[in-house]
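Everything on this sheet refers to the single structure shown next.
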Amino acid sequence: MTINHNTLRKEYTITAGEHQIVLGKHTRIMGIINITPDSFSGDGCLKKKHNTIAMAKKMIRNGADILDIGGESSRPGAHSISSQEEIKRIIPTVTALAKSTKTPISVDTYKTTVAMRALDAGATIINTIKGTNPSKSLLKMVKKYKAAIVLMHMRGIPTTMQKKISYKNVIKEIISSLHLSIKNCLDVGIPSNQIIIDPGIGFGKTVEHNFEIINHLEIFQKLKKPILLGVSRKSFIGEVLNKNVADRLIGTVASVCAGIMHGAHIVRVHDITPIKEAATMTDAIVRGTL
């Protein structure tokens with residue numbers, strides 16, 4: 001008897017500027033490019049002086065479907081930087097990639113000024129960590145440019161989000177917050193097919209909360225939006241395996257596969273090649289065919 005697991009992952013087509021991104025048939029890989037000196041994962045391009053353009057193009061060759069560029073660390077305890085500094089960090093890379101590749105470019109920001117400059121430079125997705133309380137000006141900017149938006153759930157701010165964590169029902173409360181955020185987008189005029197949700201693994205959650213979210217990811221389908229899952233190298237993996245951030249690839253692969261089995265459409269990761277292989281294999285198992 002064949003069990004159809006595809007009920008856990010509905011199909012969507014997301015409009016992001018000139019891009020039409022089909023989600024659900026295959027897991028999409030979002031490659032992380034942190035142009036910061038203080039990324040939790042140790043991959044900050046400013047600190048290591050990486051050639052971000054070469055890194056991005058290698059990610060595309062290895063299977064990245066979307067590039068996510070960030071200029072401000074959102075690790076636990078991180079402090080915000082000015083819009084001017086964030087723009088200085090990311091816009092040259094966004095501009096260069098938009099001119100040299102057809103891969104959709106996402107920018108990880110919650111600031112309207114940064115979003116506007118990034119969209120002008122060729123980005124077509126805004127990925128905001130303040131997805132449960134985005135500013136109206138940011139939403140209007142997304143609408144104006146016909147961009148897609150990723151609404152991520154987070155309680156508090158990175159500086160304080162891992163202190164005094166408390167939920168009565170973590171799944172129910174995240175869904176309620178994201179439902180309101182979706183409504184705010186629709187009220188501003190952002191079409192439904194330009195909205196993606198992210199439950200925010202590790203953002204104001206305990207290890208056990210993260211497990212519960214992944215184990216019940218299919219419940220988020222009631223929001224009728226594609227689901228992005230960000231688990232790459234995160235601290236809950238280190239807690240389980242007692243591994244530092246540089247040694248969490250196997251834990252990341254396991255978490256990604258579990259997320260796909262429970263309905264994730266997009267996985268946001270650092271290590272493209274192994275995750276692409278793992279996602280392709282998991283997709284085949286879920287479909288029950290090549």
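Bear in mind these aren't lab numbers, they're just calculated from the coordinates by the rules spelled out. Since the structure is predicted, the reported quantities are computational estimates derived from the model, not experimental observations. A quick note on method: Cβ atoms are made from the backbone with ideal geometry, for glycine too, and the neighbour counts reach across all protein chains shown.
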### Message
For residue 168, give me every one of the lysines with a C-alpha distance below 27 angstrom, ignoring sequence neighbours fewer than eight places off in its own chain.
### Response
130, 183, 205, 222, 224, 225, 234
### Query
Within a Cβ distance under 15 Å of residue 215, other residues only, what is the Lys/Arg minus Asp/Glu net charge?
-1
#### Entry: Considering only the chain, percent of DSSP beta bridges that pair antiparallel, nearest 5
15
### Along principal axes, Cα extents of segment 185-290, largest first, whole Å
45, 38, 22
### Placed amide H near residue 17: partners under 5 Å, 5+ positions off or other chain
147, 148
### Message
Show me, bin by bin at 5 Å from 0, the whole-percent P(r) of segment 169-213 based on Cα pairs.
### Response
5, 20, 28, 18, 14, 10, 5, 0
